[in-house]
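What follows is one structure encoded as structure tokens, with my remarks underneath.
The values are calculated or read from the model by the stated rules, or taken from the named source; none is laboratory data. Keep in mind it's a predicted model, so treat the numbers as computed, not measured. Every residue, glycine among them, receives a Cβ derived from its backbone with ideal geometry; neighbour counts consider all protein chains shown. Note: accessible area is taken over every heavy atom of the protein model, side chains too, but ligands, DNA and RNA are not part of it. Shrake-Rupley method; radii C 1.70, N 1.55, O 1.52, S 1.80 Å.
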Amino acid sequence: MNENEFWQLVTRSKPEQDQESLAAELKAKLNELDNEALADFDKIFSQQMRRSYLWSLWGAAYIVTGCDSEYGFAEFRAFLISLGQEWFERVLLDPDALAELPAWPEKDGYAYPFVEDYDLIAGQIYEDRTGEELPFVPSGQATPQGKKFSHKKKQLKATYPQLFQLFPF
């Protein structure tokens with residue numbers, strides 16, 4: 001398993017694809033892999049989660065959804081990974097670029113950029129097959145990297161002008 005193969009497996013077919021079909025697609029693809037490839041996939045997924053553990057991204061999640069929990073932020077980062085390598089790398093450099101996403105998955109009429117347990121699918125398949133857990137690979141540090149975002153409306157508007165316009169408080 002290399003990074004190109006990883007990105008082919010995790011990338012959603014369309015930005016607004018719902019969480020359930022996205023997870024089902026990934027599970028079907030991962031079921032075709034052998035145990036070594038599953039372990040490699042899981043390691044790469046954890047590395048991407050760690051790369052995206054940034055205060056600047058958490059600020060973007062906060063504007064879009066009011067995300068204020070570690071768990072919610074992990075699901076948001078899984079959503080970013082599911083957008084594919086091009087979007088993921090772009091948003092790492094400029095979180096405000098998320099405002100240019102052509103469509104958002106929705107729940108109850110609101111943007112819902114979360115993918116629950118996307119990072120656990122490979123481990124679940126591996127454990128079902130072997131009865132053992134995959135080796136633990138941390139997906140973040142003790143705290144996100146960078147400077148913590150400000151919750152103040154004026155600062156959020158200045159830092160994320162496009163997102164702020166799209167998702168006004």
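Using a/c under 1.5 as the rounded threshold, could you call region 60-151 rounded, prolate or oblate? The axes a ≥ b ≥ c are square roots of the C-alpha gyration tensor eigenvalues, and prolate needs a/b larger than b/c, oblate otherwise. Prolate, since a/c reaches 1.5 and a/b exceeds b/c. Per-residue surface analysis assigns Val115 an accessible area of about 0 Å², computed on protein heavy atoms at 1.4 Å probe radius.
Taking a Cβ cut-off of under 14 Å around Asp68, the surrounding Lys, Arg, Asp and Glu residues balance to a net charge of -1, with basic ones at +1 and acidic ones at -1.
Among rounded, prolate and oblate, which fits region 1-65 when a ≥ b ≥ c are the square roots of the eigenvalues of its C-alpha gyration tensor, a/c under 1.5 means rounded, and a/b larger than b/c means prolate? Oblate. Element breakdown for region 96-169 at a 1.4 angstrom probe: carbon and sulfur atoms account for 49% of the accessible area. Calculate for the chain the 222 nm mean residue ellipticity that helices alone would give, adding -39,500 (n - 2.57) per DSSP H run of length 4 or more and normalising by residue count, nearest 500 deg cm²/dmol. It lands at -16500 deg cm²/dmol.
Taking a cut-off of 24 Å, what percent of all Cα-Cα pairs in the chain are separated by more than that? Intermediate results must be reported in sequence, preceding the final value.
On the way: 4860 of 14196 pairs.
For the chain, the fraction of Cα-Cα distances above 24 Å is 34 percent.
Note on Tyr62: accessible area approximately 40 square angstrom, rounded to 10, probe 1.4 Å, nucleic acids and ligands left out.
Between the residues Trp104, His151, Leu93, the greatest Cα displacement towards the positive end of the dipole of the chain, with unit charges on the Cβ of Lys, Arg, Asp and Glu, is found for His151. When nucleic acids and ligands are ignored and a 1.4 Å probe is applied, Lys29 ends up with an accessible area of around 60 Å².
Over all other residues within a Cβ to Cβ distance under 13 Å of Glu133, the charged ones net out to -3, with Lys and Arg as +1 and Asp and Glu as -1. In straight-distance terms, cross-link reach from Lys157 covers every one of the aspartates and glutamates whose alpha-carbon lies under 19 Å from its own, apart from those fewer than eight places away in the same chain; here that gives Asp68, Asp94, Asp96, Glu100.
For region 6-39, backbone nitrogen atoms closer than 18 Å to the point 7 Å from Leu92 Cα along Cα-to-C-beta are found at 6-12. Working from label points 7 Å from Cα in the Cα-to-Cβ sense, the Asp108 to Arg129 distance is 3.9 nm. If you sort Leu134, Leu80 by accessible surface, 1.4 Å probe, largest first, the order is Leu134, Leu80. Between the listed residues Gly72, Val137, Ser56, the Cα displaced farthest toward the positive end of the dipole of the chain, a dipole computed from Cβ unit charges relative to the Cα centre, is found at Ser56. Here the calculated FRET efficiency for Asp117 and Glu5, from their Cβ-Cβ distance with R0 = 25 Å, stands at 0.70, rounded to the nearest 0.05. Taking the Cα centre of the chain as reference, the dipole from Cβ charges on Lys and Arg (+1) and Asp and Glu (-1) amounts to some 1180 debye. Relative to the Cα centre, the charge distribution of region 79-169, modelled as +1 at Lys and Arg Cβ and -1 at Asp and Glu Cβ, gives a dipole magnitude of about 880 debye. The distance linking region 99-163 with region 5-24 is 14 Å (Cα centroid to Cα centroid, whole angstrom). Using the Cβ of Arg12 as centre and a radius below 13 Å, the other residues enclosed give a net charge of -3, where K and R count +1 and D and E count -1. Maximal additional length on extending the Gln141-Ser21 stretch stands at 40.2 nm, based on 0.36 nm per residue less the C-alpha distance. Taking all protein chains into account, the per residue accessible area for the chain stands at 54 Å² (1.4 Å probe).
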